[in-house]
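Right, I'll just put the structure down here and ask away after.
The values are calculated or read from the model by the stated rules, or taken from the named source; none is laboratory data. A quick note: this is a predicted structure, and the numbers were derived from the prediction, not measured. Cβ placement follows ideal geometry from the backbone for every residue including glycine, while neighbour counts extend to all protein chains displayed.
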Amino acid sequence: MPEPTVRSARESDSDPVALLLYESAAGMYDRFTGRRERAVRLLGRAFGTEGNNASREVITVAELDGRVAGALAAFPVDETVSRAGAFLRLALRTIPPWRWPGAMWLYWSGARAVPNPPDAAYYVDALAVEESLRRRGAARALLVAAEARAHELGLSSVALDTSLDNRAARSLYLSAGYDEVAYRPAGRGLPGFVALVKQLW
């Protein structure tokens, strides 16, 4: 089987990347926007808007069989607050006003529910692979690309988090050299999370 090709996202990747980012946290996006179609539309707008945590400039894709098989959104951890805030502002212009209170609550609660990554880390905000193309190396190739980018930026680690019950993702990250460093139990309608870090040097 051919190896995945990893590259920076292009403008033409908007639709498949929006779908993949949605799949990376579908339940949370549904709660945030109210329905799948609205969430995917928001992610498509975010992809085309600079400065947020789903912008094209922070997306790396893996191709298999001539298709976008996987997508990774990542950036230095010190950009997290500004990028998340930009995404929220874009979301509030996209979703109906009656959803704003719930979206704001989810934004602030979600930020507190996830363990804080190390300061000098490259943070993987989202990683997803299209279901029919899984187990062909796309996720690992994207993680390798994230580690290479962290090296380029002089960052000493790569950090990410996933839900406590996502056994497949946790197994992947552990096998790729990540350590589970912090846990947050489920509560207040939010899932539990586990933080993982890979030290690069």
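From the set of residues in region 161-179 that are in contact with a helix residue (DSSP H, G or I) (Cβ under 7 Å, 6 or more places away or on another chain) and within 16 Å of TYR123 (Cα to Cα), which is modelled with the lowest pLDDT?
Step by step, filter region 161-179, then rank; the result is THR162.
Quick grid of which residues meet (1) assigned to a helix (DSSP H, G or I); (2) over 17 Å from the mean Cα position of the chain (by Cα):
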| residue | (1), (2) |
| --- | --- |
| ALA62 | no, no |
| GLY70 | no, no |
| GLU79 | yes, no |
| PHE87 | yes, no |
| ARG99 | yes, yes |
| ARG112 | yes, no |
| PRO115 | no, no |
| TYR122 | no, no |
| ARG135 | no, yes |
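Within region 112-124, can you find the residues that are in contact with a helix residue (DSSP H, G or I) (Cβ under 7 Å, 6 or more places away or on another chain) and more than 23 Å from ALA139 (Cβ to Cβ)?
ASP119, the sole residue that qualifies.
For region 34-56, give me each residue that is closer than 22 Å to GLU130 by Cα, in contact (Cβ under 8 Å) with a residue 12 or more places away in the chain and not small (Gly, Ala, Ser).
ARG36, ARG38, VAL40, ARG41, LEU42, LEU43, ARG45, PHE47, ASN53, ARG56
When region 157-201 is examined, which residues are found to be surrounded by 16 or more Cβ atoms within 10 Å (Cβ to Cβ) and of a type in the set (Ser, Thr, Tyr)?
If the condition is that a residue be surrounded by 16 or more Cβ atoms within 10 Å (Cβ to Cβ) and of a type in the set (Ser, Thr, Tyr), then SER157, THR162, SER163, TYR173, TYR178 are the ones that fit.
Looking only at residues that are assigned to a strand (DSSP E or B) and either small (Gly, Ala, Ser) or touching a Leu at 6+ places or on another chain (Cβ under 7 Å) (or both) in region 1-38, which one is surrounded by the fewest Cβ atoms within 10 Å (Cβ to Cβ)?
In this case the residue turns out to be SER8.
Now for a separate question. Among the residues of region 73-82, is any crowded, with 23+ Cβ neighbours inside 10 Å and at pLDDT 95 or above?
Among the residues of region 73-82, at least one is crowded, with 23+ Cβ neighbours inside 10 Å and at pLDDT 95 or above, which makes the answer yes.
For region 74-115, name all the residues that are β-branched (Val, Ile, Thr) and either touching a Lys or Arg at 6+ places or on another chain (Cβ under 6 Å) or touching a residue at least 24 places away in the same chain (Cβ under 8 Å) (or both).
Residues satisfying the conditions are VAL77, THR80, THR94, ILE95, VAL114.
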